[in-house]
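**Q** Starting off with a structure, shown below.
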Amino acid sequence: MSSEGPANHAMVFDAGTIYFIYSFSATRPLDVNRVADRLLSSEIAETSASPVNEEVRVAQRFRSLEQLLKLNYALTGANEAILRGRLLSWILRHPTQSTRLAWKFGRRSAGGSLPRSSRRRTIRRILHENADFIERSVAEAQMPNAIQMEIERDLLRPSYLDSEPYLRLSLKGSHIWLNIMNGGSTRGPEDESESRFVNVLLLLHASGVMQLVFVLPLPEHLTVEAYRDLCFGVSPDISAVKVAEPVLSGVPHNWRRRLAGSWDGEMEAGTRWRKIDFPEPDSITGLFDVYRSAIAKAGRFEEVGEFICYPATFIDELSCCSSKDEFMTRHRQDLNRVLARSLDIRRARENAVSAIVPEDTSLMRDTSFFANMASALEIRWPGAPPGEFAKHLQRLIVLEAALLQYWQIRTLAQRINGALIKSRDIRSIQREAIFGLQEYRYSSVTYGTAIDMIDALLSEWKVDKYYNHALESLDQLQQLAASDESNRSSRRANFLATLALIATIFMGLPAVKDTLDIAKEVPQQGASGALARPFRYLAERGDQGTWIGYVILLLAVIVAISIFGLSNHLPHIRWRRKPPGRSWPLGTVRITRIPDDLIGTEESAPPQTVSAEEGEPPSVLG
């Protein structure tokens, strides 16, 4: 390894995280609430959050936890009442809970005696531990989406968030075994240590664009060469993976042999998990394919095969040097190699290095941030506050916004081209184009420095080319729509003229009476007699039959005109207004911001909440 400074001083990343951001799209716009509800019902997703409110909703499987928590609170209240000798008073104040307990446990404990006081105190402790465990488990499940919403309210425009253009979901993650282990060593054939849990986050946008983010904790004490191997989504670095059954349920049949494995003996997160050992190492992109297929199947939409992977790395601990200045003196060449990724920077000309290696755009002295069209890297220098998910989101949400704009305008240009070939759904494509171009023109981000970074990335991705192409294609689409509307108007005019002619001939009362008299004289035998039979029935009823025939013809013409007029205005998608999933009765975990200078002190401890009467269940669950 090449490094500047004394020998035997290697550049090492002690701790960090890579966020692999995959952007892809459906073939048409999405009803995000409906798709999110399907993902929650299928148990692929655990939680869902909308930018409109602060609630993080949970999957249907949490209903069993809710019922268990209610029962636990009821048992806690009854046990406390027994300890205080106020059981009858508690029963009178909580008839619903006491009835539930009597029904559930009454027959089982008939003839028994109450436990001793010491056992009741042990029961109280166990019940409190159970309730605390359930509440913390749900709070941890809600945490990623809750933190995302808190950071988004600072970075994105309120008017943009109020329009609810997207939903964020937290999916069931996966356990993976990397070939590269702590210290940069290579995993042995039978070594199953150092498994890593990969959190998976999903953004569903109404335009049909989606972002699937895989959060991979890096091995500790990672060398430059090991990191350069891990920082690509397609790098074959995964020797084994353990995936939840709901995610595997959407895998195509031709993948089943590739993903053959064995079911784990223990349930986790309410489902079974399959351990898959790969004969040949697989990649994060292979795992993305599994999730993308499961999402499309459960969400009941067709997705486009194209995607882009953008890795964003956050190095939170760096101990090989004591300061940024020392690091830059010793390891500038190694850092350039990290930023260049697959390119060998040592072979580049000196005047080309600046074009390959991005500049440090961080405004803070204790961090450096590098981003270009291929990847992003943030380094927290020694002495900086510790890095964690919420701090990563300050950069990550901006990168996601840039990628979202890029993939939206790219997808829009492709859909408009498809509409020029197929004239169906021209109006929906026009509405989608207007919506997409408006999002492109008005950035969702509020801060100027963040907007500058987005503009720089969009410039590198040549988004203006897609934008200009979309505008030109949209003009052609409008001409095609005008021609199509002219044809429809001509057909409509011809149809109405025909109806008017029919009405003139047949809808007058005298004409109806004459028609019925003629039908009465038609011989009953043969096809003509069969066709005239309904008219003969009306003719035999005299004036009443004439009136009935008139009303029937009048209604038939009205219905035909109504159907023809409404057919062009029926919506293609019925948007779901009900929020996805279910509301957790204790609400959403509260996110509290702690200044960097208070981290680790007593003032940073979260506030403790105590109920008015120990052991009493919250009123929301009572």
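**Q** Within segment 524-558, track down each residue that is modelled with pLDDT under 75 and among the β-branched types (Val, Ile, Thr).
**A** Within segment 524-558, Thr546, Val557, Ile558 qualify.
**Q** Still on this structure: Inspect segment 270-280 for any residue being in contact with a Phe, Trp or Tyr (Cβ under 7 Å, 6 or more places away or on another chain), in a loop (DSSP other than H, G, I, E, B) and more than 28 Å from Phe13 (Cβ to Cβ) and give the result as yes or no.
**A** Yes, some residue in segment 270-280 is in contact with a Phe, Trp or Tyr (Cβ under 7 Å, 6 or more places away or on another chain), in a loop (DSSP other than H, G, I, E, B) and more than 28 Å from Phe13 (Cβ to Cβ).
**Q** Filter segment 162-176 down to the residues that are assigned to a loop (DSSP other than H, G, I, E, B), open to solvent by 30 Å² or more (accessible area, probe 1.4 Å) and in contact (Cβ under 8 Å) with a residue 40 or more places away in the chain and list them by number.
**A** Going through segment 162-176, the residues assigned to a loop (DSSP other than H, G, I, E, B) turn out to be 163-165.
If we keep only those that are open to solvent by 30 Å² or more (accessible area, probe 1.4 Å) as well, we get 163-164.
Glu164, the sole residue that qualifies.
**Q** State all residues of segment 28-56 that are in contact with an Asp or Glu (Cβ under 9 Å, 6 or more places away or on another chain), open to solvent by 40 Å² or more (accessible area, probe 1.4 Å) and within 14 Å of Gln142 (Cα to Cα); if no residue qualifies, say none.
**A** Hit for segment 28-56 is Glu54, nothing else.
**Q** Among the residues in segment 306-315, are any in a loop (DSSP other than H, G, I, E, B), more than 22 Å from Leu339 (Cα to Cα) and not aromatic (Phe, Trp, Tyr)? First the steps, then the outcome.
**A** So in segment 306-315, the residues in a loop (DSSP other than H, G, I, E, B) come out as 306-307.
Going one step further and asking which of them are more than 22 Å from Leu339 (Cα to Cα), we end up with 306-307.
Adding the requirement that they be not aromatic (Phe, Trp, Tyr) leaves 306.
Yes, some residue in segment 306-315 is in a loop (DSSP other than H, G, I, E, B), more than 22 Å from Leu339 (Cα to Cα) and not aromatic (Phe, Trp, Tyr).
**Q** Of the residues Lys275, Lys297, which is surrounded by fewer than 20 Cβ atoms within 10 Å (Cβ to Cβ) and touching a strand residue (DSSP E or B) at 6+ places or on another chain (Cβ under 7 Å)? Break it down stepwise before answering.
**A** Values: Lys297 fails: touching a strand residue (DSSP E or B) at 6+ places or on another chain (Cβ under 7 Å).
Residue meeting the stated conditions: Lys275.
**Q** Which residue, of Gly615, Gly600, Gly587, is within 48 Å of the chain's Cα centre (by Cα), modelled with pLDDT of 60 or more and either assigned to a helix (DSSP H, G or I) or surrounded by 10 or more Cβ atoms within 10 Å (Cβ to Cβ) (or both)? Show your work before the answer.
**A** Numbers: Gly615 fails: modelled with pLDDT of 60 or more; Gly600 fails: modelled with pLDDT of 60 or more.
The conditions single out Gly587.
**Q** Of the numbered conditions (1) within 19 Å of the chain's Cα centre (by Cα); (2) open to solvent by less than 40 Å² (accessible area, probe 1.4 Å); (3) aromatic (Phe, Trp, Tyr), Phe307 fails exactly one; give the number of that condition.
**A** Here Phe307 clears every test but (2).
**Q** Let me ask another. Looking at Glu266, is it over 30 Å from Tyr440 (Cβ atoms), without any contact (Cβ under 8 Å) to a residue 12 or more places away in the chain and among the acidic types (Asp, Glu)?
**A** Working: over 30 Å from Tyr440 (Cβ atoms): yes; without any contact (Cβ under 8 Å) to a residue 12 or more places away in the chain: yes; among the acidic types (Asp, Glu): yes.
It is true that Glu266 is over 30 Å from Tyr440 (Cβ atoms), without any contact (Cβ under 8 Å) to a residue 12 or more places away in the chain and among the acidic types (Asp, Glu).
Listed here are the residues, each with its yes/no results for (1) over 29 Å from the mean Cα position of the chain (by Cα); (2) closer than 25 Å to Glu400 by Cβ; (3) not β-branched (Val, Ile, Thr).
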| residue | (1), (2), (3) |
| --- | --- |
| Val243 | no, yes, no |
| Arg258 | no, no, yes |
| Trp273 | no, no, yes |
| Lys297 | no, yes, yes |
| Glu303 | no, yes, yes |
| Ser322 | yes, no, yes |
| Glu326 | yes, no, yes |
| Gln333 | yes, no, yes |
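**Q** Restricting the first residue to segment 147-161 and requiring it to be of a type outside the set (A, V, I, L, M, F, W, C), which pairs with a second residue that is in a helix (DSSP H, G or I) and open to solvent by less than 50 Å² (accessible area, probe 1.4 Å) meet a Cβ separation below 8 Å and a spacing of at least six or different chains?
**A** That search, which allows pairs on different chains as well, returns Gln148/Leu393; Gln148/Ile397; Glu150/Ala390; Glu152/Leu161; Glu152/Ile397; Arg153/Leu161.
**Q** Can you name every residue in segment 277-326 that is touching a residue at least 40 places away in the same chain (Cβ under 8 Å) and closer than 20 Å to Ser195 by Cβ?
**A** Of the residues in segment 277-326, the ones touching a residue at least 40 places away in the same chain (Cβ under 8 Å) are 278, 280-288, 290-304, 306-324.
Correct list: Phe278, Glu280, Pro281, Asp282, Ser283, Ile284, Thr285, Gly286, Leu287, Phe288, Val290, Tyr291.
**Q** In segment 124-154, what residues are of a type in the set (Val, Ile, Thr) and open to solvent by less than 60 Å² (accessible area, probe 1.4 Å)?
**A** If we filter segment 124-154 for residues that are of a type in the set (Val, Ile, Thr), which is where we start, we get 126, 134, 138, 147, 151.
Listed by number, the residues that qualify are Ile134, Val138, Ile147, Ile151.
**Q** So which residues in segment 278-294 are open to solvent by 30 Å² or more (accessible area, probe 1.4 Å) and within 24 Å of Leu39 (Cα to Cα), if there are any at all? Let's see the steps before the verdict.
**A** Just the residues of segment 278-294 that are open to solvent by 30 Å² or more (accessible area, probe 1.4 Å), to begin with: 278-281, 289.
If the condition is that a residue be open to solvent by 30 Å² or more (accessible area, probe 1.4 Å) and within 24 Å of Leu39 (Cα to Cα), then Asp289 is the only one that fits.
**Q** Still on this structure, I have one more. Report the residue count in segment 134-149 for those that are under 24 Å from Val398 (Cα atoms) and either touching a His at 6+ places or on another chain (Cβ under 8 Å) or of a type in the set (A, V, I, L, M) (or both).
**A** 5
**Q** Filter segment 455-472 for residues that are more than 13 Å from Arg410 (Cβ to Cβ), modelled with pLDDT under 85 and either outside any helix (DSSP H, G or I) or open to solvent by less than 60 Å² (accessible area, probe 1.4 Å) (or both) and give the result.
**A** The answer is Leu471, and nothing else.
The values are calculated or read from the model by the stated rules, or taken from the named source; none is laboratory data. Note that this is a predicted model, so its numbers are computed, not measured. Glycine also receives a Cβ, built like all others from the backbone with ideal geometry; neighbour counts cover every protein chain displayed. What goes into the accessible areas is simple: the full protein's heavy atoms, side chains included, and nothing from ligands, DNA or RNA. Shrake-Rupley method; radii C 1.70, N 1.55, O 1.52, S 1.80 Å.
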